Amino acid sequence: MTFPAAPLNDGSFPHDGWRLEHTYAGLPAALATAVAPTPVREPRLVLLNRSLARTLGLRPEAWTDAEAAALFSGNRLPPGAQPIAQAYAGHQYGHFTVLGDGRAILLGEQMTPSGERFDVQLKGAGPTPYSRRGDGRAALGPMVREYILSEAMHALGVPTTRSLAVVATGEEVWRQEAQPGAVLTRIASSHLRVGTVEWASARGDRDVLERLVAYSLQRHFPDRTDSPNPALALLDAVMERQASLVAEWMRVGFVHGVLNTDNVALSGETIDYGPCAFVDAYDPAAVFSSIDRHGRYAFGRQPAILGWNLTRLAEALLPLLHADIPQAVAVAEEHLERYEGRFEACWLAAFRRKLGLFTEEAGDAALVHRLLGWMEQGKRDYTNTFAALAKDDPRVPSVRERAEEAFGSWRQAWVERLARQPQSPEESLRLRQANCPAFIPRNHQVEAALAAAEHGDLGVLHRLLDVLATPYDHTRDAPAYQAPPQDGGVGYRTFCGT
Ligand code: AMP
Ligand code: MG
């Protein structure tokens, strides 16, 4: 076996905008290991997100496709890169495990022209000290899937990591069968996870934990760095971000699929697109992941499981919350109790917007629940039901109202509720249309795009990406992208894609 050459780092792209810094690498050594990407045989550019590249201050026009493929496969490091794999732990399906970047390598933090800091990470870049028995690689299908889903979420206005590029490696990876390999370049506000804090805490080294907390506050919540109790400030801040994130998932019908604590980012961005999917018919029990047999991460359980994950964060922070552990527990519990109310508030605010409501009335939650109950009972399509309401003119009776009594009486209540707010029908319509997507990444459309891409046809993929880039364009005539699957999506299964 020949040992693969180390990636080039010859600074030969001086004018393409790279400005990498390495603040995370300055943390205690226990939190990362230096490791270079393993070069791949024959890198070929599949997707490059040029608009995201520009946002990052990069100049994609400076690269040929071959140069971009070399950069975003790990064959050629950008100037200033200092590749590392990050250490972390996590509760996977309820059980504590030591993990770490087993197939992802952080090149550094790109400073944008507007002064923002973003992690640039290659996913599938080869083995690291944390690979355990994994090969450190990724398959093309799941990486293109992450690209589609994460960019769709971004367009939907949901906080998320982003996808800068997918490069096919020209190598095969073995996942039950041979599949084409690929590397995804992931952009994130950071890759700090609940599991990062769990790892620091499990080491039992107070200094490491304190420095990680201070760093996390500095990086994501700089207005809270002066707090007298930094660990508590971090817990509160992450709780707020997660409550609002999961409310957004519920708003758009997103099922993450594998909400282990290592897949929960302190930044509040959606991270680690594995077996995720969007619901077609409204069903709180919807589960797509083939390995989530007990529905731990079902659509409707996500708010509760995030609460469970935040409790793990609080546990990890206990030594810093109070010198006396029973008192630390009491403080943690008092703060965690606020999560549910915080989530409910975010959720209700999101659903008021979906229904075009600007004002608040005591009966609003019940109004939403009645509609959801009607949808669940009749297995109605979640996205299309709301999209129809987003176009509905409350001043004229709807066809559906006449056809279905239960819906008719709900709509009557909604029309009356709308009439009790001072905003005009047009304002309400605009609010609804900005909060009820017309287009989501329908599972069957995603699968069709992946199948075509694996056969070298990228046209289907590009058309899908184009539609998903403007999910709130209710005037766009693209009914094929709005239609639920013919079988209602029953039995649709997703895989971890590892
Ligand atoms: P995930 O299910 O993607 O959240 O991954 C869970 C853990 O498994 C993380 O520590 C990953 O780095 C690791 N992992 C997943 N796939 C691989 C792989 N092919 N090789 C090495 N490690 C992997
Ligand atoms: Mg993960």
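Answer yes if at least one residue in segment 220-227 is in contact with a His (Cβ under 8 Å, 6 or more places away or on another chain), away from ligand 1 (no atom under 16 Å from the Cβ) and in the same structural domain as Leu259 (by TED's automatic domain parsing), and no otherwise. No, because not a single residue in segment 220-227 is in contact with a His (Cβ under 8 Å, 6 or more places away or on another chain), away from ligand 1 (no atom under 16 Å from the Cβ) and in the same structural domain as Leu259 (by TED's automatic domain parsing).
Do the conditions hold for Pro319, that is, is it surrounded by fewer than 22 Cβ atoms within 10 Å (Cβ to Cβ), modelled with pLDDT of 95 or more, closer than 27 Å to Lys354 by Cα and more than 16 Å from ligand 1 (Cβ to nearest atom)?
Against the criterion (surrounded by fewer than 22 Cβ atoms within 10 Å (Cβ to Cβ), modelled with pLDDT of 95 or more, closer than 27 Å to Lys354 by Cα and more than 16 Å from ligand 1 (Cβ to nearest atom)), Pro319 does not qualify.
The requirement of being in the same structural domain as Ile105 (by TED's automatic domain parsing) and within 22 Å of the chain's Cα centre (by Cα) is fulfilled nowhere in segment 198-211; no residue meets it.
Inspect all residues belonging to segment 102-114 and state whether any of them is more than 8 Å from ligand 1 (Cβ to nearest atom), out of contact with any strand residue (DSSP E or B) (no Cβ under 9 Å at 6 or more places or on another chain) and within 30 Å of Thr470 (Cα to Cα). Can you show your working first?
Just the residues of segment 102-114 that are more than 8 Å from ligand 1 (Cβ to nearest atom), to begin with: 105-114.
Still in the running and out of contact with any strand residue (DSSP E or B) (no Cβ under 9 Å at 6 or more places or on another chain): 113-114.
Going one step further and asking which of them are within 30 Å of Thr470 (Cα to Cα), we end up with 113-114.
Within segment 102-114, one or more residues are more than 8 Å from ligand 1 (Cβ to nearest atom), out of contact with any strand residue (DSSP E or B) (no Cβ under 9 Å at 6 or more places or on another chain) and within 30 Å of Thr470 (Cα to Cα).
Evaluation of Gly126 against the conditions (1) more than 13 Å from ligand 2 (Cβ to nearest atom); (2) not in a loop (DSSP other than H, G, I, E, B) shows that the sole unmet condition is (2).
Can you say whether Arg224 is closer than 28 Å to Thr38 by Cβ and in contact with an Asp or Glu (Cβ under 9 Å, 6 or more places away or on another chain), as far as the supplied structure shows? Don't jump to the end; show me each part of the working.
Values: closer than 28 Å to Thr38 by Cβ: no; in contact with an Asp or Glu (Cβ under 9 Å, 6 or more places away or on another chain): yes.
So Arg224 fails the test.
Scanning segment 273-312 for residues that are of a type outside the set (S, T, N, Q), within 16 Å of ligand 2 (Cβ to nearest atom) and touching a Ser or Thr at 6+ places or on another chain (Cβ under 8 Å) gives Tyr273, Gly274, Pro275, Cys276, Tyr297, Arg312.
Screening Pro39 on (1) crowded, with 18+ Cβ neighbours inside 10 Å; (2) within 27 Å of Pro113 (Cβ to Cβ) shows it passes everything except condition (2).
Return the residue satisfying two criteria in turn: it lies in segment 83-96 and is open to solvent by 10 Å² or more (accessible area, probe 1.4 Å), part of a strand (DSSP E or B) and in contact (Cβ under 8 Å) with a residue 12 or more places away in the chain, and of such residues it is nearest to ligand 1 (Cβ to nearest atom). Checking each candidate, the answer is Gln92. More than 25 Å from Gly100 (Cβ to Cβ), buried (at least 18 other Cβ atoms within 10 Å of the Cβ) and not small (Gly, Ala, Ser): which single residue out of Val213, Val246, Val194, Val208 fits that description? Testing whether each residue is more than 25 Å from Gly100 (Cβ to Cβ), buried (at least 18 other Cβ atoms within 10 Å of the Cβ) and not small (Gly, Ala, Ser) leaves just Val246.
Report yes if Gly57 is open to solvent by 10 Å² or more (accessible area, probe 1.4 Å) and more than 20 Å from Glu269 (Cβ to Cβ), otherwise no.
Working: open to solvent by 10 Å² or more (accessible area, probe 1.4 Å): yes; more than 20 Å from Glu269 (Cβ to Cβ): no.
For Gly57, the condition - open to solvent by 10 Å² or more (accessible area, probe 1.4 Å) and more than 20 Å from Glu269 (Cβ to Cβ) - is not met.
In segment 233-240, the count of residues that are out of contact with any Ser or Thr (no Cβ under 6 Å at 6 or more places or on another chain), open to solvent by 30 Å² or more (accessible area, probe 1.4 Å), more than 16 Å from ligand 2 (Cβ to nearest atom) and part of a helix (DSSP H, G or I) is one or more. Residues that are under 29 Å from Ser201 (Cβ atoms) and either near ligand 1 (Cβ under 10 Å from one of its atoms) or surrounded by fewer than 23 Cβ atoms within 10 Å (Cβ to Cβ) (or both) within segment 270-286 comprise Ile271, Asp272, Tyr273, Gly274, Pro275, listed in sequence order.
Can you pull out every residue in segment 229-269 that is on the phi > 0 side of the Ramachandran plot and either more than 16 Å from ligand 1 (Cβ to nearest atom) or at pLDDT below 95 (or both)?
In the first step, residues of segment 229-269 are kept if they are on the phi > 0 side of the Ramachandran plot; the result is 253, 257, 268.
Scanning segment 229-269 gives Gly253, Gly268.
The values are calculated or read from the model by the stated rules, or taken from the named source; none is laboratory data. Everything numeric in this text was worked out from a predicted model, so none of it was measured. When we count neighbours, we look across all protein chains shown, and the Cβ atoms used for this are built from the backbone with ideal geometry, even at glycine. Calculation scope for accessible area: heavy atoms of the full protein, side chains included, ligands and nucleic acids excluded. Shrake-Rupley method; radii C 1.70, N 1.55, O 1.52, S 1.80 Å.
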